[in-house]
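A short reminder: the numbers here are calculations on the coordinates, not readings from a lab. None of these values were measured; they are calculated from a predicted model. Note: ideal-geometry Cβ built from the backbone for every residue, glycine included; neighbour counts use all protein chains shown.
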């Protein structure tokens, strides 16, 4: 089978693009520390509020510039509904839902996770710029879905 | 220069009248019924879309209540996929495939009629939920565990899961029928690699139907057990897993995307060569690309689920597979461009829609590649960006392709042209309307507007994009009305069409328009990929297809059992809603009776050889 020169160029070009895309992804996850939401463990959804750490939803400082935020999603709101953290800190979100599946999308970032009843999801992100982000439930959760939002405020660092 | 028709219409005419339509097993009549029904559902689901858009025109609008809004977007999505796009493609499978391969009907004519009646009655059952004030309201994806009875009381989701189960039966049977027809009933010389692309893509789609649709059927049955009989497949409180639903749904849902798009690809692969006066560029590559899409389509479903947290290995696999599937699709786009290159192009309405598909579908394809990358996907997941993407693919791909097919095959089916002036109006309002509706949604999504919200507050910068979308939706709605008007008018008094109005290459154009009810008076022999574009072969073929039949063609008996069986299957399923075991058991009696009676009814007239 003879392949025309220009067609061959096209084939090589598209293969090269594909390799470049995958390379960029690999680089971002290995060298730049980009994390996708990960499954951390299981939990009995009816007993979430008595199971640590979800008995104390909120922001917890775990080290210098290291924070852990325990988030609960329920119909129709987040606990805590307002998260305040200083700029330049590295934040790990540990989250689940108490009733149905909700979403946890921090606007203006690539942080987006499903809050799934029965599953604990972990997300890590570094907030460098001070500012205010809306937290949106992206997963349709019934009649009050449009009312389900929270706020994440990155405060001027010390 | 066609051969004179010396057919005595009286001896071979088909009956008319309501009863003949109810009992018909003729694939061409079933095709017309499929098309008319899907057109009506298209108008209903389209009206819902326009009401949705009016609600979103202003922030904090109260044109619709949240409850009605949720019902509308759920039924809009469910109907457009299962009651419009799929069956409208099946209408063309039905009409075109037997004619293209030189067969007198499909392999199982009564099963074909059954498919149609189940689709009609299942669709009516699903839509009737509005009259009971219990329309489904949990989105077309029906994510568990929101759909479990403790979070969705009422009959709403019962209507949804039972309605889709009924319609699914029709799709599976349709797939079986077309695979058998295409494999077994080709005319002599019609080798696989001589089949027109539309038939090829029908074959690939049919394989996807029989493999993918059972998955959603199983998922729906699990959900039905959860809802009606208290099982716990998807209930995390009792050890079930809601993510299991997502896997099942998208394992069906992603091949479903290719079920929707491949028929459109097939149609324009026949239309573009006709109006470019050139054979399809790289025919085998287009076929292989279609098959490859069918295969890789099975390995990409979890790109709908990057936010679930599947782990880095699974995420990377689905990123790679999703990027790879763009390749065969891109190959096809270049093959169509290659076909047009240097051809003498005629811009009929069918060709305009085909070229429109190339342009608009490609935009949807590009945003699809953006989603493939998980970090980008996370920013767009369940925002209006995704809504923009899949409407570009389904409206700009599937629907544009089906409308191209409509303008192309209408003269063959009815014997009259669709009006070309109205057709151009239809095309331009579609093109402007759909871009104006869906392009601004990309921006609304990037500004963070989530899907499925019934209203949004002021001051988030979402107003302008939503207003543009609403204006576009009204224009797009207008295009649907123009098309409907065109179909009705041209059906009654359109310009008469000859046997081969477009100078096309495949077998169906060697028959009179509309064809005899037995399609081919005598079965032709095929010697090439474009039998009608070779002077000598065309004479040979038409010598057979335009002559009176040598022997009386034996066509299958009409039957009312398909209709009765479809009605009793719908009834059996509807009674499951009661949740009372003996009612459900009694409800199966009519179905069993109809199956029994069907089995003992002779399919062909006494003594007929076939």
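Of note:
- Tail fraction, Cα-Cα pairs, region B:488-610, threshold 25 Å, whole percent: 55
- Largest first, the three principal axis extents of the alpha carbons in region B:394-548 are 72, 34, 23 Å in whole numbers.
- Estimated [θ] at 222 nm from DSSP helical runs (n ≥ 4, -39500 (n - 2.57)) normalised by residues in the protein assembly as shown, nearest 500: -18500 deg cm²/dmol
- Overall Cα dimensions of region B:522-588 - principal axes, largest extent first, Å: 68, 28, 12
- One way to sum up the overall shape of chain B is the equivalent ellipsoid from its Cα gyration tensor, whose semi-axes run 39, 30, 22 Å, largest first.
- For the pair region B:247-326 and region A:75-143, the centres of their Cα atoms are 33 angstrom apart.
- Degrees, to the nearest 10: B:384-393 long Cα axis against longest axis of chain B: 10
- Its Cα gyration tensor gives region B:231-364 an equivalent ellipsoid; the semi-axes, largest first and in whole Å, are 39, 15, 11.
- Using only the C-alpha atoms, the convex hull of the protein assembly as shown corresponds to 157 Å³ per residue.
- Using a cutoff of 8 angstrom between alpha carbon atoms and counting only pairs six or more residues apart, the relative contact order for region B:3-599 works out to 19 percent.
- Principal-axis analysis of the Cα atoms of chain B puts helix B:400-414 at an angle of about 30° to the longest axis.
- Take each residue of peptide B:302-309, count the partner chain Cβ atoms within 10 Å of its Cβ, and average: the result is 6.
- Cα-based shape type of region B:24-87, given that a ≥ b ≥ c are square roots of the gyration tensor eigenvalues and the cut on a/c is 1.5: prolate
- Among beta bridges that DSSP assigns inside the protein assembly as shown, antiparallel share in %, nearest 5: 70
- The shape of region A:39-155 comes out oblate: with a ≥ b ≥ c from the C-alpha gyration tensor, a/c is at least 1.5 while a/b does not beat b/c.
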